[in-house]
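Below is one structure, written out as structure tokens; comments come after it.
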Amino acid sequence: NAGVTQTPKFRILKIGQSMTLQCTQDMNHNYMYWYRQDPGMGLKLIYYSVGAGITDKGEVPNGYNVSRSTTEDFPLRLELAAPSQTSVYFCASSYSGQGVPLEQYFGPGTRLTVT
Amino acid sequence: AQSVAQPEDQVNVAEGNPLTVKCTYSVSGNPYLFWYVQYPNRGLQFLLKYITGDNLVKGSYGFEAEFNKSQTSFHLKKPSALVSDSALYFCAARTDKLIFGTGTRLQVFP
């Protein structure tokens, strides 16, 4: 049971380039999330999904896109990278109890630098 | 607006002493409450949660948290701190969405 895995661990992008951050979970969780964490700050929710085929915007969705074609995978796409997207990105998943998502399990993160 | 507050950016404690990391919340209804820990260059790890029932919740690594509805608080505690407890701690509350606090850095000195 690997939990939540993310690739790559590190990436440097030039302004205007695009990339996809991969996230996979093997716990059969229906909820999945993408966060960004800027230095010295808390977490900001980018997008989330309540199940395959269903995604919704979080607090800071601009500049990002997601898809959820399977329960296991929840990739995050950055189009036209900007320096403001330099951050550490965390994927998380959770199961639900009585219809409410419970504790989240986090991946190790992807450290992205846009120059 | 709904929010979770962690009033201390950093808490310093000597090894072997008890520790408390404070958290207060301002959300509607009866929230689910969580504590997470983040070690350097790692993702967040779940420590414990309160949903209902006993106000004292026990979690991983000897941590516990006390829910106080009248004070809308959910402080994290440990009777005897270890140097290895040094990390960043996040409180979170869920109503219709999960709201994180800004984090408290715990430094345990030998």
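Cβ-Cβ contacts under 8 Å between residues 6 or more apart (or on different chains), taken from a first residue in the stretch B:96-108 that is away from chain A (no Cβ under 11 Å) to a second residue that is of a type in the set (Phe, Trp, Tyr), are listed as B:106/B:89.
For residue B:1, the conditions (1) aliphatic (A, V, I, L, M); (2) within 21 Å of residue A:104 (Cβ to Cβ); (3) within 14 Å of chain A (Cβ to nearest Cβ) are fulfilled apart from (2). Restricting to the stretch B:32-49, name every residue that is among the hydroxyl-bearing types (Ser, Thr, Tyr) and either facing chain A (nearest Cβ under 10 Å) or within 10 Å of the chain's Cα centre (by Cα) (or both). Listed by number, the residues that qualify are B:32, B:36. Is one or more of the residues making up the stretch A:14-22 within 26 Å of residue B:103 (Cβ to Cβ) and within 11 Å of chain B (Cβ to nearest Cβ)? No, every residue in the stretch A:14-22 fails to be within 26 Å of residue B:103 (Cβ to Cβ) and within 11 Å of chain B (Cβ to nearest Cβ). Within the stretch B:4-27, residues that are without any contact (Cβ under 8 Å) to a residue 40 or more places away in the chain and surrounded by fewer than 19 Cβ atoms within 10 Å (Cβ to Cβ) have Cβ atoms under 6 Å from residues that are part of a loop (DSSP other than H, G, I, E, B) and not polar (S, T, N, Q) in these pairs: B:7/B:22, counting only partners at least 6 apart in sequence or on another chain.
Here is the figure for the stretch B:50-73: residues that are assigned to a strand (DSSP E or B), in contact with a Lys or Arg (Cβ under 9 Å, 6 or more places away or on another chain) and within 14 Å of chain A (Cβ to nearest Cβ) total 2.
Give, as residue ranges, the strands (runs of 3 or more DSSP E) completely inside the stretch A:38-102 that count at least 2 residues that are buried (at least 16 other Cβ atoms within 10 Å of the Cβ), under 14 Å from the mean Cα position of the chain (by Cα) and within 13 Å of chain B (Cβ to nearest Cβ).
Passing ranges, in order: A:43-51, A:87-97.
For residue B:72, the requirement of being at negative phi, surrounded by 13 or more Cβ atoms within 10 Å (Cβ to Cβ) and out of contact with any helix residue (DSSP H, G or I) (no Cβ under 8 Å at 6 or more places or on another chain) is not met.
Values in this text are rule-based calculations from the coordinates and carry no lab data. Model, not experiment: these values are computed from the prediction. Don't worry about glycine lacking a Cβ; one is built from the backbone with ideal geometry, like all the others, and counts go over all protein chains shown.
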